[in-house]
1. List the strands (runs of 3 or more DSSP E) that sit entirely inside the stretch 1-76 and contain at least 2 residues that are open to solvent by 20 Å² or more (accessible area, probe 1.4 Å) and not aliphatic (A, V, I, L, M).
2. Give the residues of the stretch 77-93 that are crowded, with 19+ Cβ neighbours inside 10 Å and over 22 Å from the mean Cα position of the chain (by Cα), sorted by residue number.
3. May I ask you to list the residues in the stretch 386-397 that are assigned to a loop (DSSP other than H, G, I, E, B) and either within 22 Å of Ala243 (Cα to Cα) or without any contact (Cβ under 8 Å) to a residue 12 or more places away in the chain (or both)?
4. If you go through the stretch 313-340, how many residues are over 22 Å from the mean Cα position of the chain (by Cα) and surrounded by fewer than 21 Cβ atoms within 10 Å (Cβ to Cβ)?
5. Looking at the stretch 220-234 only, could you name the residues that are loosely packed, with under 14 Cβ neighbours inside 10 Å and either in a loop (DSSP other than H, G, I, E, B) or among the polar types (S, T, N, Q) (or both)?
6. So, in the stretch 348-370, exactly how many residues are more than 17 Å from Leu328 (Cα to Cα) and not basic (Lys, Arg)?
7. Restricting to the stretch 196-207, name every residue that is β-branched (Val, Ile, Thr) and surrounded by fewer than 22 Cβ atoms within 10 Å (Cβ to Cβ).
8. Could you tell me whether the stretch 174-192 includes any residue that is in contact with a Gly (Cβ under 6 Å, 6 or more places away or on another chain), of a type in the set (Ser, Thr, Tyr) and over 22 Å from Gly89 (Cα atoms)?
Amino acid sequence: MIISSHNKSLRGSVNVIVSKSQVHRLLICAALSGSPTVIEQVQLSKDIQATIDCINGVLADVLFEKDVLSVKPYILPKNDCLLDCNESGSTFRMLLPVFAALGNGCEFTGRPGLEKRPISPLYELLSSNGCTLSQKGKFPLSLGGKLMPSGFEIDGNISSQFISGLLFAAPLLQGDSSIAVTKGIQSYPYIQMTLDALQRFKIDVEVIDKLHYKIKGGQKFISPGRVVAEGDWSNAAFWMVAAAIGRDCDVTVRNINPQSIQGDKKIAEILKLLGAHIEYRHNDVRVRSGRLTAVRIDASDIPDLVPVLAVAAAAAIGKTEIVNAQRLRYKESDRLETVYRMLLNLGADIKATDSALIINGTGRLTGGVVDSYNDHRIAMAAAVASLICEHPVEIKNSQAVEKSYPLFFEEFNRLTI
């Protein structure tokens, strides 16, 4: 796809897509509860569809109609099923402990990119606590046995999804459990989103601190009946950065909760520090372009923002350092490497280290050809970068946006003037 929005502006309003991180969690809780749940204001993406596909016909009947997901859980889950997670790391890493706790033998599969993403130390934890698993790093991954209650210890430096999966699983066990997160923790706000979903379904988790949790076994998930999904700050960030960096831009993002516990709402604070004009109106946020200057950004809790923040850094004047970003090595692509290559190909002065990006921003890029590396956030970031390019941007494998935001390019073209 060729994006010819160089030296153009974005103006208007956009209804941001639903938070897939929240919908994953609500779907899992709904499937484990004892009565039906309706989840409102949902738009499908490949990742959400992956969780639906793994649950539907196995744990529950799931029906999507218009913008509503209806989940009718089974009394007894089915056994020996093949669960296709497609490319969704959230689906795979959070459902693996759940099925281990249920004791339902099954096989997990997915696209080759998912197969290569790290599953240690969750794999070893399940193996040492009652489960049998086939060879790590190879699909299909067979799961047998049954997870036993325990004092679980797990490294928090690889993925918060491991901790979230254990938090979903532990209440299903017959005895009490605890979770101790070792070696620090990355993306803690995503664990908060898990705790919020569990609370909505009446699951009690004793949070001692962000590294220690106690969970009573034998709990019942109790459906609230109806829940409304929030708009996604992670995807709102692309519109907000576009408005901040483009020439005379003015974009209002609708259906976004300023009080959300989503960690990526920090995008508003960062853009304000950079020099953009931010204005809240109920569940809308308006962003207007301004003169941007460099800042230092700690990415430890906001890794999904890094691709588009790197674009903002290229638009800002001066040296921006995006630090504590080592977890990006384990995303849909090695995002430290692919963000670096994307911006380098567009003419940025950028360097990458093992855990950081350093961008000497000039406010302008040249344009050119980039590859999305089949990573949705790289494709969207490249489109946003085109607004400060002197020449068109060609994005190879732009269809990667279907993973999280299928209508992104349609909305981008609609807002471009």
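The values are calculated or read from the model by the stated rules, or taken from the named source; none is laboratory data. These numbers were taken from a predicted model, which means no experiment stands behind them. Every residue, glycine as well, gets a Cβ built from its backbone with ideal geometry; the counts of neighbours run over all protein chains shown. Just so you know, the surface numbers come from the protein's heavy atoms only, side chains and all, with ligands and any DNA or RNA stripped out. Shrake-Rupley method; radii C 1.70, N 1.55, O 1.52, S 1.80 Å.
1. 11-15, 60-65, 68-73
2. Across the stretch 77-93, the qualifying residue is only Pro77.
3. Glu390, His391, Pro392 - these are the residues of the stretch 386-397 that are assigned to a loop (DSSP other than H, G, I, E, B) and either within 22 Å of Ala243 (Cα to Cα) or without any contact (Cβ under 8 Å) to a residue 12 or more places away in the chain (or both).
4. Of the residues in the stretch 313-340, 4 are over 22 Å from the mean Cα position of the chain (by Cα) and surrounded by fewer than 21 Cβ atoms within 10 Å (Cβ to Cβ).
5. Lys220, Gly225
6. Residues meeting the conditions: 12.
7. Answer for the stretch 196-207, where residues must be β-branched (Val, Ile, Thr) and surrounded by fewer than 22 Cβ atoms within 10 Å (Cβ to Cβ): Val205, Val207.
8. yes
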